[in-house]
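First the structure, in the form of structure tokens, and then the observations on it.
The values are calculated or read from the model by the stated rules, or taken from the named source; none is laboratory data. Since this is a predicted model, take the numbers as computed values, not measurements. No Cβ is skipped: glycine too gets one built from the backbone with ideal geometry, and neighbour counts run over all protein chains shown. Ligands, DNA and RNA are stripped out before the accessible areas are found, and what is left, the full protein with its side chains, is counted by its heavy atoms. Shrake-Rupley method; radii C 1.70, N 1.55, O 1.52, S 1.80 Å.
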Amino acid sequence: MAGGRARVAASILDSDLANLGHAVRRVEKAGADRIHLDVMDGHFVPNITFGARMVKALRPRTELPFDVHLMISEPSRYVEEFIAAGSDSITFHVEIDEPIEPTLRRIREAGRAAGLALKPKTPVRALARYRELIDIVLVMTVEPGFGGQSFMRDAARKIVGAHDLLSYLPLGGEVHVDGGINRETAEYVGGLGVDILVVGSALFHKGHDMGREIRLVRALADEGYAFELNHGKPPVPRDEWRSIASLPLHVGTKLRTVIEDGGIPVILLRADGRMNPDGVRDYELMVPRQVETLALERYATERAAAYEEADAWRSSYTAPAS
Ligand code: DX5
Ligand code: ZN
């Protein structure tokens, strides 16, 4: 797992199509974080690629997660097949002419991440009504259909609005940027706060070292993020957080404030754990892996006090009069 914050999803659209199994292994070896699979139906976009059977055939070739990007008119018709094929996330376009909600629900019910994609001219507000059903927003910075097109800077600005849309999710969901990403554009989208950079043709240029391209894209995105959004400090990986306490919300909130005042970021995440007498489950206090031990040591006293307070509250709880 790479340090930093940005992650690279390799699109194999521009690899040797006669040997996709090899392409998948090659990008894994080169250090990609995920595989981005572009499915096109010749109807939603003027190009045809591959379908669920191809995804299924590739599944055993790599351990990397599969992000499936459906550029098709009828995702509802094929979503089950893509779930069964082993997709970890499924993203389709909000511009389609069929109901969107049921398909998002089916993806979520199957335990996969659900995403909606925006063509360059579609505004983020088109997603507002689906907000609570999506884990991913994919911002396209080229017209969908082909790899190797040039990056549309104006479209990339939607990354900011997409993040706002997902900010209520515990880890903020994921914003992906797709189209024309390379070492020239990575720093800019990093500075807008993107989480996943989809990289296609830039990885398959003859004479380029693929591993180096991936490292450069990731590092430049993190540099952009540090410079624009993180007071010049290098980012912490978002996907490695550890729980240091499970507490009722009102106790957890107080402990969080104490820890955050000491400079350690804390996320409160509702857990599956203990049900409290007020009918609400405990919350987990999550901190970045790098500071887990530090936080546990430094705040041992406050943590113990919080557990005592929680126990006392649980045993003396009386329901508020309604
Ligand atoms: C475009 C696809 C992309 C794209 C990425 O329709 O969704 O994933 O091919 O390729 P590059 O990085 O070459 O733009
Ligand atoms: Zn794509």
Qualifying positions in region 11-48 - closer than 20 Å to His208 by Cα, open to solvent by 70 Å² or more (accessible area, probe 1.4 Å) and within 13 Å of ligand 1 (Cβ to nearest atom): Leu17
Region 170-181, residues that are buried (at least 20 other Cβ atoms within 10 Å of the Cβ) and either more than 20 Å from Leu118 (Cα to Cα) or within 16 Å of ligand 2 (Cβ to nearest atom) (or both): Glu174, Val175, His176, Val177, Asp178, Gly179, Gly180, Ile181
By residue number, the members of region 108-123 that are open to solvent by 10 Å² or more (accessible area, probe 1.4 Å) and in a strand (DSSP E or B) are Ala113
Members of region 133-148 found to be over 16 Å from Ala186 (Cβ atoms), within 12 Å of ligand 2 (Cβ to nearest atom) and not in a strand (DSSP E or B), listed by number: Glu143, Pro144, Gly145, Phe146, Gly147
Taking region 185-205 and keeping residues open to solvent by 50 Å² or more (accessible area, probe 1.4 Å) and under 17 Å from Ser11 (Cβ atoms) leaves His205
Pairs returned, first residue in region 178-194 that is assigned to a helix (DSSP H, G or I), second residue that is within 16 Å of ligand 2 (Cβ to nearest atom) and open to solvent by less than 20 Å² (accessible area, probe 1.4 Å), beta-carbon separation under 7 angstrom, 6 or more apart or interchain, are Ala186/Leu197; Ala186/Val217; Tyr188/Ala156; Val189/Ala156; Val189/Ile159; Val189/Val177; Val189/Ile181; Val189/Leu197
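Within region 152-169, is there a residue that is part of a loop (DSSP other than H, G, I, E, B) and within 15 Å of ligand 2 (Cβ to nearest atom)?
Yes, there is a match, as at least one residue in region 152-169 is part of a loop (DSSP other than H, G, I, E, B) and within 15 Å of ligand 2 (Cβ to nearest atom).
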Go through region 124-143 residue by residue and tally those that are closer than 15 Å to Leu166 by Cβ and open to solvent by 10 Å² or more (accessible area, probe 1.4 Å). 10
Sort through Phe82, Phe146 and tell me the only one that's within 19 Å of Asn47 (Cβ to Cβ), touching a helix residue (DSSP H, G or I) at 6+ places or on another chain (Cβ under 6 Å) and within 16 Å of ligand 1 (Cβ to nearest atom). Phe82
Would you confirm whether any residue within region 192-201 is modelled with pLDDT of 95 or more and over 19 Å from the mean Cα position of the chain (by Cα)? yes
Reported set for region 294-322 where residues are closer than 30 Å to Asn230 by Cβ and surrounded by 12 or more Cβ atoms within 10 Å (Cβ to Cβ) is Leu294, Ala295, Leu296, Arg298, Tyr299, Glu302, Arg303, Ala306
Report yes if Asp97 is open to solvent by 50 Å² or more (accessible area, probe 1.4 Å), more than 15 Å from ligand 2 (Cβ to nearest atom) and modelled with pLDDT under 95, otherwise no. no
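Yes/no matrix, rows are residues, columns are (1) of a type outside the set (D, E, K, R); (2) out of contact with any Phe, Trp or Tyr (no Cβ under 7 Å at 6 or more places or on another chain); (3) closer than 20 Å to Phe146 by Cβ:
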residue: Ser15; (1), (2), (3): yes, no, yes
residue: Ala30; (1), (2), (3): yes, yes, no
residue: Pro46; (1), (2), (3): yes, yes, yes
residue: Val68; (1), (2), (3): yes, no, yes
residue: Arg77; (1), (2), (3): no, yes, no
residue: His93; (1), (2), (3): yes, no, yes
residue: Glu98; (1), (2), (3): no, yes, no
Can you pull out the helices (runs of 4 or more DSSP H) entirely within region 209-313 that have at least 2 residues that are among the β-branched types (Val, Ile, Thr)? 210-229, 249-261
